[in-house]
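We did not get these values from a lab; they are worked out from the coordinates using the rules stated. Predicted model, so just to flag it, every value in this text is computed and none were measured. Glycine also receives a Cβ, built like all others from the backbone with ideal geometry; neighbour counts cover every protein chain displayed.
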Amino acid sequence: MAETFYLTTAIHYPNGKPHIGHAYETIAADVLARWHRLQGREVRFQTGTDEHGLKMAQKARDLGITPRELADEMSGHFRALFDKLDLSYDRFIRTTEAEHHTASQAIWQAMEASGDLYLDRYEGWYSVRDEAYYDASELTEGDGGEKLSPQGTPVEWTVEESWFFRLSKYQEPLLALYRDNPDFIQPEARRNEVMRFVEGGLRDLSVSRTSFDWGVKVPGHEDHVMYVWVDALTNYITGLGYPDMDGDMAKFWPADLHLIGKDIVRFHTVYWPAFLMSAKIALPKKVFGHGFLLNRGQKESKSLGNVTDPADLADRYGVDNLRYFLLREFSFGQDGSYSAEAIVNRSNSELANSFGNLAQRTLSQVFKNCEGSLPAISGHTPEDEALFALVDKAVRQEMPPAYDQLAFAQALEAWMGAVFACNAYIDAQAPWALKKTDEQRMRDVLGTLYICIAQLAVAVLPVMPGSMTRLLDAMGLAPELRTLAGIGSHWYSQLAESDFRLAKPEGIFPRLELPAEEA
Ligand code: ME8
């Protein structure tokens with residue numbers, strides 16, 4: 001049986017259209033899903049929308065529609081965007097689904113059975129924007145003296161009857177979890193923050209609300225709805241059929257990775273494992289909190305008028321150009337700033353001029369001078385061997401651990417290094433000049449490049465699935481050979497024996513122009 005890999009993104013609040021941060025996170029998750037599939041693993045990739053809570057209820061009220069109508073409309077935009085971006089999710093979950101209500105009530109009852117829920121009165125600060133409770137000591141003051149959450153959002157004083165979860169009971173078990181599993185929270189800086197927070201002591205958590213009713217009802221107490229994070233976190237097991245512990249729960253749980261942004265690490269590494277411990281369900285293996293994307297150094301917001309629709313970026317610059325840019329430009333654990341110029345420059349220098357041009361130069365010569373079929377190689381010079389070794393090192397030794405560690409920028413840097421080496425090789429060997437002087441050597445050079453290009457294309461299939469698939473199709477590489485183990489010298493002989501024809505090469509990455517309004 002194939003090894004399994006279960007990965008999830010955060011579920012997104014559909015209180016508005018998706019923004020670039022949503023695209024960023026889900027593209028990264030898709031790259032990982034594809035990377036694990038490329039190695040033969042059975043992957044389950046889940047994303048979706050987080051549709052309950054006060055934020056949704058208030059937004060719907062402002063718009064004069066029901067929360068359900070708002071969720072239906074916006075969730076559709078998320079799904080359409082994710083399809084446009086070529087995201088290969090296996091399950092798109094919506095927390096308003098009936099199965100999700102069942103799963104959330106089941107985990108609630110399991111926590112209740114452990115004696116971890118009790119009824120009391122909540123008095124304290126709440127941020128609707130973060131859907132989070134804060135201790136007074138965590139708050140800061142805004143310019144007008146108003147109280148703000150650590151994320152800079154407004155907080156309001158809340159007094160309400162509420163169910164509480166005995167989070168305080170889990171302080172020691174959580175600290176033991178972090179100590180025994182140093183990889184549980186990544187990157188390291190996030191782990192340190194969480195450990196400091198938990199070491200500071202945990203208060204019991206208010207987990208239900210009575211002042212509104214847009215949520216999952218508390219079993220046996222229908223006047224309460226669950227705190228939105230209780231149901232939101234449960235999505236990760238709803239999608240596997242919980243409370244049924246057989247089937248997909250047995251197959252895919254515990255999750256291999258929850259991929260989320262840095263602002264919601266506390267929910268995933270403190271609350272979620274505590275809920276799971278209480279409900280006696282195994283804990284996820286890893287939580288990775290990625291950095292935030294900024295637009296020319298600023299947070300996107302309606303008031304600044306700098307909100308970018310990721311679907312427009314994809315239309316304007318190309319889906320794969322955008323995917324490549326987002327993973328290549330910044331280190332995944334850290335914040336990064338993007339702009340139209342940066343996307344255009346990166347695409348033109350690396351995709352159009354370096355890789356695209358290499359493929360185009362090579363394949364058009366194969367098409368013209370080798371009758372459109374794989375050049376028969378007679379032997380290799382030390383230069384050919386050196387190039388093979390270099391490409392092999394990049395795609396087999398450097399890129400795999402980088403992908404595994406979510407160091408996408410590093411994986412793509414190794415890739416680019418190999419692309420540069422191929423370009424230097426083609427310039428030095430000048431196969432176009434060999435046509436007249438030494439036709440066999442021309443074939444050897446083109447054949448060498450052909451193999452290197454196929455390997456390089458396979459190695460970035462997870463990042464640029466559409467364009468690399470088109471290229472490999474045009475090159476005649478059989479789909480079953482498109483794995484890192486599949487390409488290499490044996491592949492060459494297999495392909496050479498088959499009666500294959502190269503399609504007339506088409507440029508894969510056209511040069512992009514900076515739109516006038518961005519210049
Ligand atoms: O937090 N750059 O939903 P959300 C990068 N529903 N990532 C960003 C970002 C940015 N500028 N802005 C947001 C929620 N994100 C909850 C999650 S999970 C059980 C519930 C990331 O729509 C953010 O960190 O506000 C989160 O991982 C995801 O986008 C959804 O954010």
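For ASP335, the residues whose amide H sits under 5 Å from its own are PHE292, ignoring neighbours fewer than 5 places away on the same chain, with H placed 1.01 Å from N. Residues ILE453, ILE237, arranged from fewest to most other Cβ atoms within 10 angstrom of their Cβ, appear as ILE453, ILE237. Applying the Karplus relation 6.51 cos²θ - 1.76 cosθ + 1.60 with θ = phi - 60° to the stretch 11-19 yields 3J(HN,Hα) values of 8, 8, 6, x, 8, x, 6, x, 10 Hz, where x marks Gly and Pro.
Karplus-derived 3J(HN,Hα) values for the stretch 77-89, using 6.51 cos²θ - 1.76 cosθ + 1.60 with θ = phi - 60°, are 5, 4, 5, 5, 5, 5, 6, 4, 7, 6, 8, 8, 5 Hz; glycine and proline are entered as x. Over 21 Å apart at the Cα level, from the set LYS84/LYS285; LYS55/LYS147; LYS59/LYS262, are LYS84/LYS285; LYS59/LYS262. In plain terms, if you count all Cα to Cα distances in the chain and split them into 20 Å steps from zero, the share in each step is 21, 48, 24, 7, 0 percent.
Restricting to the chain, what percent of DSSP beta bridges are antiparallel, rounded to 5? Once the DSSP bridges in the chain are tallied, antiparallel ones form about 50 percent.
Where does the chain land at 222 nm, in deg cm²/dmol rounded to the nearest 500, when only DSSP H runs of n ≥ 4 count, each adding -39500 (n - 2.57), divided by all residues?
Working: 20 runs with 236 residues, N = 519.
Counting only the DSSP helices, I get -14000 deg cm²/dmol.
Were the residues from SER331 through ARG441 laid out at 0.36 nm apart, the gain over their Cα-Cα distance would be 35.4 nm. Backbone amide hydrogens, once placed in the peptide plane, bring PHE164 within less than 5 Å of TYR118, LEU119, ASP120, VAL207, excluding anything fewer than 5 places away on its chain. Placing a label point 7 Å from the Cα of LYS368 along the Cα-to-Cβ direction, the residues of the stretch 412-452 with a backbone N closer than 13 Å are 431-436. Potential lengthening of the chain between LYS280 and ASP312 amounts to 7.0 nm, from the contour at 0.36 nm per residue minus the alpha-carbon distance.
For ILE185, the residues whose modelled amide H falls within less than 5 Å of its own, excluding neighbours fewer than 5 places apart on the same chain, are VAL287.
The distance separating the Cα centre of the stretch 500-519 from that of the stretch 244-266 comes to 39 Å. The stretch 86-151 and the stretch 326-380 have their alpha-carbon centroids 45 Å apart. With neighbour counts taken as other beta-carbon atoms within 10 Å, the residues VAL207, VAL319 rank, fewest first, as VAL319, VAL207. The 3J(HN,Hα) values that the Karplus relation (6.51, -1.76, 1.60; θ = phi - 60°) gives for the stretch 235-248 are, in residue order, 3, 5, 9, 3, x, 9, x, 3, x, 6, 8, 8, x, 5 Hz. Gly and Pro appear as x.
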